1. Testing the spin-label approximation: label points 7 Å from Cα along Cα→Cβ at Arg43 and Val76. State their distance in nm.
2. Got a sec to turn the phi values of the range 51-66 into Karplus ³J(HN,Hα) couplings, 6.51 cos²θ - 1.76 cosθ + 1.60 with θ = phi - 60°, whole Hz, x for Gly and Pro?
Amino acid sequence: MAWVLAHSKLNFKKKGRIVENSIKLTALTVPQMAALLKKAGSRTITEEVLTADIEAGCPVNDDGTLSLYDYVAWLVKETGPNASRD
């Protein structure tokens, strides 16, 4: 997670304006999330995997975007030691 925070172009204000090309880690589109996770080292993430996760119950924002934090928390819940196994 530290890599993501250090290398993401966050919403830093410069003279009262938001810097161009900034991303909001709490409102990422599926392609943005896939790209971010690939850059962070994921070998398995794809847009199709994210779409399947959404269909499986991953939380999404009202506008259909994803929060990196909510997605990671959902993955931990789904795959952690207390996860329900089918």
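Bear in mind that the values in this text are calculations on the coordinates, not laboratory data. Please read all numbers here as calculations on a predicted model, not as lab measurements. Every residue, glycine as well, gets a Cβ built from its backbone with ideal geometry; the counts of neighbours run over all protein chains shown.
1. Here the modelled spin labels are 2.4 nm apart.
2. Once rounded to whole Hz, the list reads 4, 5, 5, 4, 5, 7, x, 4, x, 10, 6, 4, 8, x, 7, 10.
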